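Have a look at the structure below before the remarks.
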Amino acid sequence: MIKISDECVHIEGMMLDVILDLARAIAAVHKSAEATYDKEFSDEAVVLAGRIAEFAWGEHSDDEIDETLSLHVKELERIADECIERKKVNDK
C-alpha cells in the first residue's frame, strides 16, 4: 500500500519486502563484483543478469533460447574484455 501525505510517502506491504530483499541481494552482488573487478563491469554485469532473468521467465523456443544465450555470452565477453583493458590502463 502507498500512503501519500504533504510530508512524506509511506510504502508498506509484503511485495515491498520481497522487492527490498531482492534489491539488497542485487546490491550485495554488485558490491562484490565491484570489489573484484570494477564499477563499470559491476554495473553492466548486473544489468545483463537482469535481462537474462527476465528472459528466463518467458516461454521461448529452443532456437530463441540458443540465440539469446549466445548474444548474452557475447555481451558478457565484451564487458569482461573492457574491464581487462581498463585494468591494463589503470595499472600503467
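When you look at Glu82, is it under 20 Å from the mean Cα position of the chain (by Cα), surrounded by 10 or more Cβ atoms within 10 Å (Cβ to Cβ) and more than 27 Å from Leu22 (Cα to Cα), yes or no? Criteria met by Glu82. Between Ile4, Ile65, the distinction of being in contact with a strand residue (DSSP E or B) (Cβ under 9 Å, 6 or more places away or on another chain) and modelled with pLDDT under 90 belongs to Ile4 only.
The values are calculated or read from the model by the stated rules, or taken from the named source; none is laboratory data. Note that the structure is predicted; figures quoted are calculated from it, not measured. In this analysis, Cβ positions are derived from the backbone assuming ideal geometry, glycine residues included, and neighbour counts consider all displayed protein chains.
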